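The values are calculated or read from the model by the stated rules, or taken from the named source; none is laboratory data. Just so you know, these numbers come straight off a predicted model, no measurement behind them. A quick note on method: Cβ atoms are made from the backbone with ideal geometry, for glycine too, and the neighbour counts reach across all protein chains shown. Keep in mind that these areas ignore ligands, DNA and RNA; they rest on the heavy atoms of the full protein, side chains included. Shrake-Rupley method; radii C 1.70, N 1.55, O 1.52, S 1.80 Å.
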Amino acid sequence: MTKIPTQLIKSLTSLGLLESEAKVYTALVILKSAGIKELLEFLDISKPQIYERLKMLEDKGLIILTNPRPVTYQAITPNIALGMLVERIHTAKNDAVRQFHELENNDLSENSSQPLWFIFGDPSFEFKIRDMIKNAKESIYCVTSEKNIDYIKMMLNKSLKTQLIVISDNKNIENELKHRYNNKNATITTINKAKMRNLDCTKDIADNNELKELANAIDIDNYFTLVVDDSQALFIPPLIGDSVKAISIENKIMVKLFIHNLKKEPFGLIIP
């Protein structure tokens, strides 16, 4: 008997199905067509729950009743079913966004104010970065190590004004990126890791005996700064560790202060 892959069930639950719904749907795909008896033999699910999940899947349009007596169901093809589930998620997302905007536009408190920043952890900040780049309309400014090559590709594939500084000891990466993407609106420069480590803030820490322990916690490869349309900023501090936090700034005054600080060395020659 064909075993249902655990990862497949996880993927279907990520698309909005209950685990038991995912199992019943997958069983119908495997069996081509099945009744209650066949599903009971195939799945470790109670009879009442199978009836309930069949009704839920039918209401979602993912399965079809092909025979009322004996009750027999058939699954619609996975490509169509997955498309329907994704569309449901997009519809729900758009509806939620609209309602959140309505809530934000309703000033429920005279003292309400925009938060100065938000903190993101893995993997939410990765989604935030991609969302910022995807929705950028005028300009992108970014300082990043070359390990974030996927983000770099996203930026250079857009035709917006882009200022990119790549932290790398690879002397050829600047020319490689310019040649590969030929983005006339992009200014691409590189800065080596040694220069990054000699920034005033890092150097002060390294020269202070009491703070040398903090200097040892710095990993330049984790440095990431992104400013989009001069209205959103995101900063990942260069700290050692696989689990890092990102600070997202959308408060207009704080973004301006953030940009002002980026005009200082070593990035001052890049930002107009």
Task: Stretchable slack from ASN79 to GLN7, in nm (0.36 nm times residue separation minus alpha-carbon distance) - done: 24.2 nm
Open item on the list: What lysines does LYS178 reach when the alpha-carbon gap must be under 30 Å and sequence neighbours fewer than 8 apart in one chain are set aside?
Closed with: LYS128, LYS134, LYS137, LYS147, LYS153, LYS158, LYS161, LYS193, LYS195, LYS256, LYS263, LYS264
- [ ] Compute the distance in nm between two label points, each set 7 Å from the Cα along the Cα-to-Cβ direction, one at LYS93 and one at THR66.
- [x] 3.4
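Roughly to the nearest percent, how much of the accessible area of the range 10-63 is carbon and sulfur, given a 1.4 Å probe?
50
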Task: Where labels lie 7 Å past Cα in the beta-carbon direction, separation of ASP169 and ASN182 in nm - done: 3.3
Open item on the list: Report the gain in length on full extension from ASN157 to GLN49: 0.36 nm times residue separation, minus Cα-Cα distance, nm rounded to one decimal.
Closed with: 34.0 nm
Open item on the list: For THR190, what residues show an amide H to amide H distance below 5 Å, using hydrogens built from the backbone and excluding near sequence neighbours?
Closed with: VAL166
Open item on the list: Report the gain in length on full extension from ILE253 to GLU19: 0.36 nm times residue separation, minus Cα-Cα distance, nm rounded to one decimal.
Closed with: 79.6 nm
Task: Dipole in debye (nearest 20) - the range 1-91, about Cα centre, beta carbon charges: Lys, Arg +1; Asp, Glu -1 - done: 100
- [ ] Taking the Cβ of LYS134 as the centre, find all other residues whose Cβ is under 11 Å away and add up their charges (Lys, Arg: +1; Asp, Glu: -1).
- [x] +3
- [ ] Count neighbours as other Cβ atoms within 10 Å of each site's Cβ, and list the trypsin sites (Lys or Arg not before Pro) in the range 3-66 that are DSSP loop with at most 11 such neighbours.
- [x] LYS3, LYS32
Open item on the list: Using a 7 Å offset from the Cα along the Cα-to-Cβ direction at both ASP150 and ILE36, what is the distance between the two label points in nm, to one decimal?
Closed with: 4.6
